[in-house]
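A short write-up of the structure that comes next.
The values are calculated or read from the model by the stated rules, or taken from the named source; none is laboratory data. Everything numeric here is computed off the predicted structure, so don't read it as measured data. All Cβ positions, even for glycine, are placed from backbone atoms using ideal geometry, and neighbour counts span all protein chains on display.
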């Protein structure tokens, strides 16, 4: 005679076994959490590397094309825009490279 099926219900485990199972589950969850945090930090580090490389590339391009005349032209454009602002009233550009902004107040 062979036993083919056996249904077991309401098994009560000793408290020490229950605690061991819970501790193992908690440890596995903590390990998964730490792996998630590490993966997230690696992705953030890679994002920062890509951003830094983009900034470096931008600076190389700008530095290769930047001349004193271009800087002077951009400065004049910026001061022109600034002079149109309601906060400034007059720009005096003398012999110095820095203009003087006078406020009407």
Flag if residue 58 is in contact with a strand residue (DSSP E or B) (Cβ under 7 Å, 6 or more places away or on another chain) and at pLDDT below 95: no
Among the residues that make up segment 67-87, is at least one of them touching a strand residue (DSSP E or B) at 6+ places or on another chain (Cβ under 6 Å), at pLDDT below 85, outside any helix (DSSP H, G or I) and loosely packed, with under 10 Cβ neighbours inside 10 Å? no
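Which of the following residues is free of Cβ contacts under 8 Å to residues at least 12 places away in the same chain and over 21 Å from the mean Cα position of the chain (by Cα): 45, 23, 52?
23
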